[in-house]
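The values are calculated or read from the model by the stated rules, or taken from the named source; none is laboratory data. Fair warning: this is a prediction, and the values are worked out from it, not measured in the lab. Every residue, glycine among them, receives a Cβ derived from its backbone with ideal geometry; neighbour counts consider all protein chains shown.
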Amino acid sequence: MAGNPGGMRTPAVHIRGLRKNYHHGPLALGGVDLDVEPGEFFGLLGPNGAGKSTLINILSGVVRRSSGVAEIFGYDVETQYRQSRQLLGVVPQELAYDPFFTVREFLRWQSGYFGLRHNDHWLDELLSELDLDSKANTNLRNLSGGMKRRVLIAQALVHRPPVVILDEPTAGVDVELRQSLWRFIRRYNQQGNTVILTTHYLEEAEELCERIAILQHGQVVALDRTERLLAKSRNKRILTIHFDSDPGELPAPLNDILLGASAGSRVFQVDKDRPMGDILQYVQGLSSKIVDLHLQEPRLEDVFTDILQDARAHD
Ligand SMILES: Nc1ncnc2c1ncn2[C@@H]1O[C@H](COP(=O)(O)OP(=O)(O)O)[C@@H](O)[C@H]1O
Ligand SMILES: [Mg+2]
């Protein structure tokens, strides 16, 4: 490992004051500080455009930072690119190009990039673990979206990197495949490797990640252990009520929990331990009548809203 003078454990990922200003673009990262510990399963969440992919692409050397520190196990991602890249596997959000290769050729080519020439034993293991054996000789261009996802995961791991970053690897992937991918990634993590995941599925982050950072407008706005970060939001329900006419002004107890409104409906956020009858009593006092209502678990967006409101309140 690189410099370790104080005997402190070198973080798997070390980021300080990281900024990225795209030419003719927005400030994508506005000074991010973040450490991910070796062996952690870490979640990087945030709305679209928050800067997640930019951060990941800086770590993998695809995007150049404007300023700040970014290191993989103590190796700078630009000035020590060869070392840092060797320690990192990245599953990109999208395959930028579609090479005219079979799956095995692609994985061999990727191995060659990392200087590995006799890697077939590990490639066979990857193919088998990711249920790709039968596709080894299929051209990448003839694979379904789900199969391509698996190949992207395999290509990220050809050099057995101790740090793997997955950028929304399960977007648009069916539930069954998602679960088998997670079993695989979890096992890789349990072998001592560090995993960083971005996802839009709250259940996924909640089930897999030990800690979560939330990025918004290029800033880390929340960072905590998963159960602490989500505790408050997990105690909420989303109540949607459709009325036969626009209910107009609501009494204070309903207005206080109002999340959204459209012509004939209102959306409320309700504490789990608050009796529903208590709320419905106010609803029944309105001149509009209930046509339909339903209760939902909060979506990731609602959790963001909640956490961000909280962060602002503490400013
Ligand atoms: N190559 C680029 N050139 C200019 N702007 C970009 C580029 N890539 C991303 N951006 C912008 O930077 C911001 C962060 O984007 P991104 O890192 O892709 O966020 P996320 O992955 O969280 O959705 C967005 O406003 C996006 O439009
Ligand atoms: Mg992205």
| query | Does LEU166 count as assigned by TED's automatic domain parsing to the domain that holds TYR75 and not in a strand (DSSP E or B)? | reply | no
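Would you mind finding the one in GLY39, GLY43 that is closer than 22 Å to GLU227 by Cα and assigned to a strand (DSSP E or B)?
Values: GLY39 fails: assigned to a strand (DSSP E or B).
The conditions single out GLY43.
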| query | Of all residues in the range 188-226, which are assigned to a helix (DSSP H, G or I) and in contact (Cβ under 8 Å) with a residue 40 or more places away in the chain? | reply | ASN189, LEU202, ALA205, LEU208, THR226
| Single residue of PHE243, PHE268 found to be within 31 Å of the chain's Cα centre (by Cα) and of a type in the set (Phe, Trp, Tyr) | PHE268
| said: So, in the range 25-53, exactly how many residues are surrounded by 22 or more Cβ atoms within 10 Å (Cβ to Cβ) and either free of Cβ contacts under 8 Å to residues at least 12 places away in the same chain or within 15 Å of ligand 1 (Cβ to nearest atom) (or both)? | reply: 10
| request: Sort out which residues of the range 99-113 are within 28 Å of the chain's Cα centre (by Cα) and among the small types (Gly, Ala, Ser), and write them in order of number. | output: SER111
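Listed here are the residues, each with its yes/no results for (1) among the aromatic types (Phe, Trp, Tyr); (2) within 16 Å of ligand 1 (Cβ to nearest atom); (3) in the same structural domain as GLU40 (by TED's automatic domain parsing); (4) surrounded by 14 or more Cβ atoms within 10 Å (Cβ to Cβ).
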| position | (1), (2), (3), (4) |
| --- | --- |
| PHE106 | yes, no, yes, yes |
| TRP109 | yes, no, yes, no |
| TRP122 | yes, no, yes, yes |
| LEU130 | no, no, yes, yes |
| ARG141 | no, no, yes, no |
| ARG160 | no, no, yes, yes |
| GLN190 | no, no, yes, no |
| ASN193 | no, no, yes, yes |
